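The values are calculated or read from the model by the stated rules, or taken from the named source; none is laboratory data. For clarity, every value in this text was computed on a predicted model and none was experimentally measured. Virtual Cβ from ideal backbone geometry, glycine too; neighbours counted across all protein chains shown. We work out accessible area using only protein heavy atoms, side chains counted, and drop any ligands, DNA or RNA first. Shrake-Rupley method; radii C 1.70, N 1.55, O 1.52, S 1.80 Å.
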Amino acid sequence: MSRTLLAAAVMGTVAFAGVAPAAEPLKVAKVEFTATPVPVTDVDMAVGHSKSSAILTLTDGTTRTIPFAPDVIWNSGQRIGGRQVGVVVDKFGKPMPRSAPDKKGLVAKGPFVSPGQDANSLLVGPDGKLRLVTHLEYVAEAPNVEEGRPLVNTYGLLPAMMHVTELAQDPKTGTLTAIKVANVDAGAVGGIWIPCNGSTTPWMTHLGSEEYEPNARYYETRPLEPMNLYLGTSGKLSSQGGANPYAYGHPVEVSIGKDGKAKAVKHYAMGRIALEMFEIMPDKRTAYAGDDGRDTMMLMFVADRAADLTAGTLYGAKWEQTSAADGGAATLSWIRLGHATEAEIAKLIARHIKFSDIFEVAAAPAEGFTPVFVYPGYDVEGGKQTLEYLKVKPGMEKAAAFLETRRYAAMQGATTEFTKMEGIALDPQGKTLFTAMSYMEQGMLEGKNDKRPNDHVRLAGDPADLVCGAVYATRLAGGARDTGGAAIASDWVGTSVKALVTGAKKPKDQTAYGALDKCDTDKVANPDNLSFSPAMRTLFIGEDSGNHLNNFVWAYGVDDGKLARIFSAPAGAENTGLRIVENAKGFAYLLGNIQHPGAEEDLSSYPAEIRAKFRTMVDKRGTTGVLAILPAMTR
């Protein structure tokens with residue numbers, strides 16, 4: 001299929017009217033966006049598309065209107081330069097022949113092609129070439145080895161990977177074309193576990209993630225088989241030379257060398273959580289993490305040196321609520337969890353440290369033990385939050401802080417009641433951090449604390465509204481001290497937080513398309529990916545929702561509060577890889593991926609006829625792409 005036909009079939013029309021390379025970035029006074037209507041036809045629901053335009057008002061008073069023109073860079077399974085992209089491989093580069101067994105003991109057969117494109121970083125390498133680093137988060141569905149048996153949900157049953165795509169840029173239109181695609185070699189770091197969102201550092205590297213860290217308490221007595229398959233150590237516990245759960249759940253930094261090759265390193269001193277992503281502040285030292293799960297935490301890392309993530313101090317936030325209404329508001333205090341170097345934590349992992357080396361566990365309340373109710377990490381059986389009674393063993397405080405960060409933070413009094421804390425973005429001029437809370441439920445709700453030993457977050461309102469999620473805005477400032485009275489060496493410390501953009505349940509009068517949705521079709525539902533443009537003064541918000549049949553990308557003007565729907569993904573797909581790049585060789589790019597289109601799980605809450613229709617109509621390949629190409633701009 002030709003590039004044009006492929007793009008038209010999968011992401012929309014291909015036309016670049018009004019775009020031309022800029023010798024100097026355009027100076028904009030204001031940027032607005034026209035809205036893409038809600039899809040009402042079966043075709044519009046089945047195909048990713050945009051009918052929006054960007055209206056640029058320049059500082060000289062002139063305006064330019066540029067239509068969005070979504071385009072495909074590559075689809076999962078496509079062959080580029082003789083290589084099939086998205087194929088899951090082991091440390092030797094060989095395709096995986098099978099998955100680890102799921103909780104029913106079922107095994108899926110390979111080779112596996114991931115439709116799970118996620119984070120994007122558009123990097124200019126030392127050789128001047130443009131390269132795109134893209135995550136392949138997981139493979140969700142695969143055929144069972146036993147013929148006639150159902151599909152196996154292979155989430156968490158396979159290793160994952162990152163791709164680097166070398167790009168050619170059309171000098172007239174800005175169109176990006178994939179020249180070749182290669183895996184990021186992860187053999188030196190033991191492979192990659194569920195890479196979710198990510199960011200681009202101020203020093204032009206990619207900072208990825210490993211989400212839903214393996215539950216080390218569970219995997220102490222069971223092999224971590226997905227990563228054993230990668231390493232070639234099938235069936236072995238960590239103590240027997242198999243995969244160590246503590247080796248996963250860390251940020252992964254990818255840099256491009258002078259030879260054009262990618263190098264990956266894991267940063268073990270930044271804590272271990274269900275890491276959605278880290279966002280680095282302009283000081284190149286302070287970083288904030290999204291912890292994606294239920295009963296999770298707000299984590300801040302302050303590096304010892306700028307542009308060096310190998311040593312630093314961890315802090316956990318305590319939410320001190322000031323309002324329960326409209327998604328809530330709070331002041332923040334910060335609890336120091338500890339300081340470590342990467343080498344110190346890597347040494348612990350190398351000696352196969354175990355959960356039982358770090359903690360004593362009591363079966364019931366006991367003197368010296370602290371009750372903890374947190375997301376414990378991923379396990380095959382679907383680990384749930386449970387009340388644990390823990391005591392840190394003598395001398396193991398550092399191991400607890402950096403390898404069991406959430407459990408240790410809870411023991412120290414940090415808030416661990418957040419649900420589905422996902423994407424993060426920064427407004428550097430306004431010193432505001434944006435955080436997506438995809439769902440507000442369970443321990444975040446007033447009167448729903450259950451067995452939780454603390455009740456810091458107590459949001460009021462209709463749970464049917466709150467479950468649609470919100471984007472929070474956190475004010476950042478210098479001069480902060482931790483709860484022990486010590487100065488925090490950063491001018492980018494969160495001081496107060498409030499909900500900024502909230503979803504809501506479906507209105508009763510939304511009877512056409514919206515009748516299929518549980519959350520208001522004309523508002524953001526279950527926000528996930530975020531990216532902020534300082535030049536446009538716009539926060540881009542991507543959805544990951546089972547409450548919208550079609551997930552949308554939105555543009556939110558932070559100065560005027562205007563919200564516009566600018567892209568509609570195929571039914572059952574998630575919007576991922578959302579990244580605004582304001583100047584890449586004369587063009588600005590809004591990058592965006594389509595992850596797992598037509599996925600059974602994402603369509604599961606809709607009627608059987610809807611599921612059957614779109615499981616058939618939707619192209620199930622994941623897409624790495626561009627939502628819009630604009631002239632390079634500044635403010």
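Values for this structure:
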item	result
Unmet criterion (only one of (1) of a type in the set (G, A, S); (2) in a helix (DSSP H, G or I); (3) over 24 Å from the mean Cα position of the chain (by Cα); (4) modelled with pLDDT of 95 or more) for G242	(2)
When residues of the stretch 79-95 are limited to those that are in a strand (DSSP E or B) and open to solvent by less than 50 Å² (accessible area, probe 1.4 Å), the one farthest from T165 (Cα to Cα)	V89
Residue count for the stretch 487-533, restricted to those that are open to solvent by 50 Å² or more (accessible area, probe 1.4 Å), under 30 Å from L337 (Cα atoms) and touching a residue at least 12 places away in the same chain (Cβ under 8 Å)	5
Residues of the stretch 362-377 that turn out to be surrounded by 13 or more Cβ atoms within 10 Å (Cβ to Cβ) and either in contact (Cβ under 8 Å) with a residue 24 or more places away in the chain or within 27 Å of Y155 (Cβ to Cβ) (or both), as a count	9
So A216, is it part of a helix (DSSP H, G or I), touching a Gly at 6+ places or on another chain (Cβ under 8 Å) and open to solvent by less than 20 Å² (accessible area, probe 1.4 Å)	no
Residue within the stretch 386-393 that is more than 24 Å from N547 (Cβ to Cβ), open to solvent by 10 Å² or more (accessible area, probe 1.4 Å), of a type in the set (A, V, I, L, M) and part of a loop (DSSP other than H, G, I, E, B) present	no
Test: residue in the stretch 52-70 that is in a loop (DSSP other than H, G, I, E, B) and of a type in the set (D, E, K, R)	yes
Meets criteria (modelled with pLDDT of 95 or more, among the charged types (D, E, K, R) and surrounded by 24 or more Cβ atoms within 10 Å (Cβ to Cβ)) for D291	yes
Subset tally (residues that are under 28 Å from the mean Cα position of the chain (by Cα), of a type in the set (A, V, I, L, M) and modelled with pLDDT under 50) for the stretch 1-51	7
Tally of residues being more than 18 Å from G413 (Cα to Cα), open to solvent by less than 30 Å² (accessible area, probe 1.4 Å) and of a type outside the set (F, W, Y) across the stretch 338-361	6
Leading residue by the ranking (nearest to H135 (Cα to Cα)) among those in the stretch 251-266 that are open to solvent by 10 Å² or more (accessible area, probe 1.4 Å) and part of a loop (DSSP other than H, G, I, E, B)	K261
Restricting the stretch 101-128 to residues that are of a type in the set (A, V, I, L, M) and over 24 Å from the mean Cα position of the chain (by Cα), the residue that is farthest from V254 (Cα to Cα)	L106
So L539, is it closer than 19 Å to K30 by Cα and either of a type outside the set (S, T, Y) or modelled with pLDDT of 95 or more (or both)	yes
Cβ-Cβ under 8 Å pairs, at least 6 apart or on other chains, the stretch 87-102 side free of Cβ contacts under 8 Å to residues at least 24 places away in the same chain and over 18 Å from W193 (Cβ atoms), far side part of a loop (DSSP other than H, G, I, E, B) and open to solvent by 20 Å² or more (accessible area, probe 1.4 Å)	P95/G110; P95/P111; P97/G110; P97/P111
Search result, residues across the stretch 394-438 that are among the hydroxyl-bearing types (S, T, Y), crowded, with 23+ Cβ neighbours inside 10 Å and within 30 Å of C519 (Cα to Cα)	T415, T416, T419, T435, S438
From G191, G198, G208, G174, residue being small (G, A, S), touching a helix residue (DSSP H, G or I) at 6+ places or on another chain (Cβ under 7 Å) and open to solvent by less than 10 Å² (accessible area, probe 1.4 Å)	G191
Counted residues, the stretch 542-569 - those being open to solvent by less than 10 Å² (accessible area, probe 1.4 Å), under 25 Å from P25 (Cβ atoms) and assigned to a loop (DSSP other than H, G, I, E, B)	0
Pair list, Cβ < 6 Å and 6+ apart or interchain, from the stretch 595-619 residues that are within 22 Å of D528 (Cα to Cα) to residues that are open to solvent by 30 Å² or more (accessible area, probe 1.4 Å) and part of a helix (DSSP H, G or I)	G598/R615; L603/R611
